[in-house]
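What follows is one structure encoded as structure tokens, with my remarks underneath.
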Protein chains: 2
Amino acid sequence: VILETARRALTPQTLQGKKVLVSAGPTWEPFDPVRFITNPSSGKMGFALAAEAARRGASVDLVTGPTTLPDPAGLTTHRITTARDMERVVRTLAEEAHLVIMAAAVSDYRPEEAAPHKIKKDDEELTIRLVRNPDILAGLGKNKKPGQILVGFAAETEHLVRNATEKLQRKNLDLIVANDLTQPGAGFRSDTNVVKVLDRFGGVEELPCLSKEEIARRLLDRIESLGAR
Amino acid sequence: VILETARRALTPQTLQGKKVLVSAGPTWEPFDPVRFITNPSSGKMGFALAAEAARRGASVDLVTGPTTLPDPAGLTTHRITTARDMERVVRTLAEEAHLVIMAAAVSDYRPEEAAPHKIKKDDEELTIRLVRNPDILAGLGKNKKPGQILVGFAAETEHLVRNATEKLQRKNLDLIVANDLTQPGAGFRSDTNVVKVLDRFGGVEELPCLSKEEIARRLLDRIESLGAR
């Protein structure tokens, strides 16, 4: 906390008076009390963005799925489990936010039913029917407030720029951060990431392999300049 | 490491010359490069058991699924992802082990197929066919070496003692540690646990809510007395 106070004192307060909402981590989608569908997100990228925004003077809400990372200093952390939990919390907090950064890896699908007790492994095979989860990011794009900046992430294993551009437009985003999961040093659980940043004016910037903290700083610089445009 | 060396110096070397194999953590069973089925295991119970066995002078191999816990000092950690990876490593290491403690929460099922690329969420519904994973503990029970002690875990949400006793007998175990996931302070991710210990002579001992470190000590005391019986 002391270190964090010192870092903040040394950081220009460029987001003073702004409300920032960040999502992070995976979601867990249960099909019984002890089994669920998820993804490898560690929450590191979203936690780094939330911490950096707080350092720049913003009032920050961080909504995170299950992760072992501790609550960052100087902001409010909300812990949720499923995509539907996350949607409820994010939708309310987005009402007031100047900047919304959705870095969570929300599960696109959830099991149609969750058994009340642990399923005994009596059967050789088991079929799980999955249904689509709400698309939180698309919902925020549809209800975007005037002047609000909305940033999304796209983790892809193929057609990176094409898939990310399509997502940016369809979801009414201002910026999308695309990472190619097949590259070394990129994506989930790593302390580093390799990303391309696409904006709604057609700009594409490729960042080298950097720490997630450094990527957080560069993304916020970029977002601040977008707001001033 | 210094603290650990001091703790070891103060611990009676009751497992000197013994080889101990411990499994820990969850397994991840992927259905595409970024999505998988898993459970909430943090690995804490298995890591605590492995560390305590090493303190008592044993030569310890810890085989763990994905967890954010660091490698414990004074033993060999093997990191794996799926149940099939775990089976391969455990089966080999069990050949030489005097004591085998399977604390991992191995996924009973895995998706029949894993897509090579991230599945696009084009469909409203998706069906995943799951097939049974190998039962690692039952395999070890079938191939138990003379004098080898085999310990399993049972996490249940109903019929705790009945389900655990059935498992102990069917899998040829010497001891089973049963925990009721519905109790507060018990089971996954918690730093504490509430367990019942059942042995092959019909003994049932109920431990109060204790730290996972303290449970590790009591379980190893119990296992040592079982070996001397």
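The values are calculated or read from the model by the stated rules, or taken from the named source; none is laboratory data. Everything numeric here is computed off the predicted structure, so don't read it as measured data. Neighbour counts run over all protein chains shown; Cβ positions are idealised from the backbone, glycine included.
Some values worked out for this structure:
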{"item": "Selection from the range A:8-31 of residues that are in contact (Cβ under 8 Å) with a residue 40 or more places away in the chain and outside any strand (DSSP E or B)", "result": "A:R8, A:T11, A:P12, A:Q13, A:T14, A:L15, A:Q16, A:G17, A:K18, A:G25, A:T27, A:W28"}
{"item": "Residue satisfying condition, being aliphatic (A, V, I, L, M) and touching a Ser or Thr at 6+ places or on another chain (Cβ under 8 Å), within set A:I101, A:I149, A:I119", "result": "A:I101"}
{"item": "Qualifying residues in the range A:32-63 (those that are free of Cβ contacts under 8 Å to residues at least 60 places away in the same chain and of a type in the set (A, V, I, L, M)) - the one nearest to B:A186 (Cα to Cα)", "result": "A:V63"}
{"item": "Any hit, the range B:166-177, residues being modelled with pLDDT under 95 and either surrounded by 23 or more Cβ atoms within 10 Å (Cβ to Cβ) or among the small types (G, A, S) (or both)", "result": "no"}
{"item": "Some residue of the range B:162-181 being more than 21 Å from A:V34 (Cα to Cα), within 13 Å of chain A (Cβ to nearest Cβ), among the small types (G, A, S) and out of contact with any Asp or Glu (no Cβ under 6 Å at 6 or more places or on another chain)", "result": "no"}
{"item": "Residue within the range A:164-173 that is in contact with a strand residue (DSSP E or B) (Cβ under 9 Å, 6 or more places away or on another chain) and touching a residue at least 40 places away in the same chain (Cβ under 8 Å) present", "result": "no"}
{"item": "Residues being in contact (Cβ under 8 Å) with a residue 60 or more places away in the chain and buried (at least 17 other Cβ atoms within 10 Å of the Cβ) - total across the range B:191-212", "result": "2"}
{"item": "All positions within the range A:54-84 that are closer than 11 Å to A:A24 by Cβ and among the aliphatic types (A, V, I, L, M)", "result": "A:L62, A:V63, A:L69, A:I80"}
{"item": "Strands (runs of 3 or more DSSP E) contained entirely in the range B:156-209, each with at least 2 residues that are at positive phi and either among the hydrophobic types (A, V, I, L, M, F, W, C) or touching a helix residue (DSSP H, G or I) at 6+ places or on another chain (Cβ under 7 Å) (or both)", "result": "none"}
{"item": "Residue in the range A:121-137 that is under 14 Å from A:S23 (Cβ atoms), surrounded by fewer than 18 Cβ atoms within 10 Å (Cβ to Cβ) and of a type outside the set (S, T, Y) present", "result": "yes"}
{"item": "Among the candidates A:P146, A:P111, residue that is within 30 Å of B:A154 (Cβ to Cβ) and either over 15 Å from the mean Cα position of the chain (by Cα) or surrounded by 16 or more Cβ atoms within 10 Å (Cβ to Cβ) (or both)", "result": "A:P111"}
{"item": "Residue pairs meeting the criteria (Cβ under 7 Å; at least 6 apart or on separate chains; first under 14 Å from A:N143 (Cα atoms), in the range A:75-103; second modelled with pLDDT of 95 or more and acidic (D, E))", "result": "A:L93/A:D61"}
{"item": "Members of the range B:1-31 that are over 23 Å from the mean Cα position of the chain (by Cα) and at the interface with chain A (Cβ under 9 Å from one of its Cβ atoms)", "result": "B:F31"}
{"item": "Some residue of the range B:65-73 being more than 17 Å from the chain's Cα centre (by Cα), buried (at least 17 other Cβ atoms within 10 Å of the Cβ) and modelled with pLDDT under 95", "result": "no"}
{"item": "Residue in the range B:199-212 that is out of contact with any Cys (no Cβ under 6 Å at 6 or more places or on another chain) and under 23 Å from B:T38 (Cβ atoms) present", "result": "yes"}
{"item": "Conditions (1) in contact with a Leu (Cβ under 7 Å, 6 or more places away or on another chain); (2) more than 24 Å from B:L15 (Cα to Cα); (3) at pLDDT 95 or above: number failed by B:G152", "result": "(2)"}
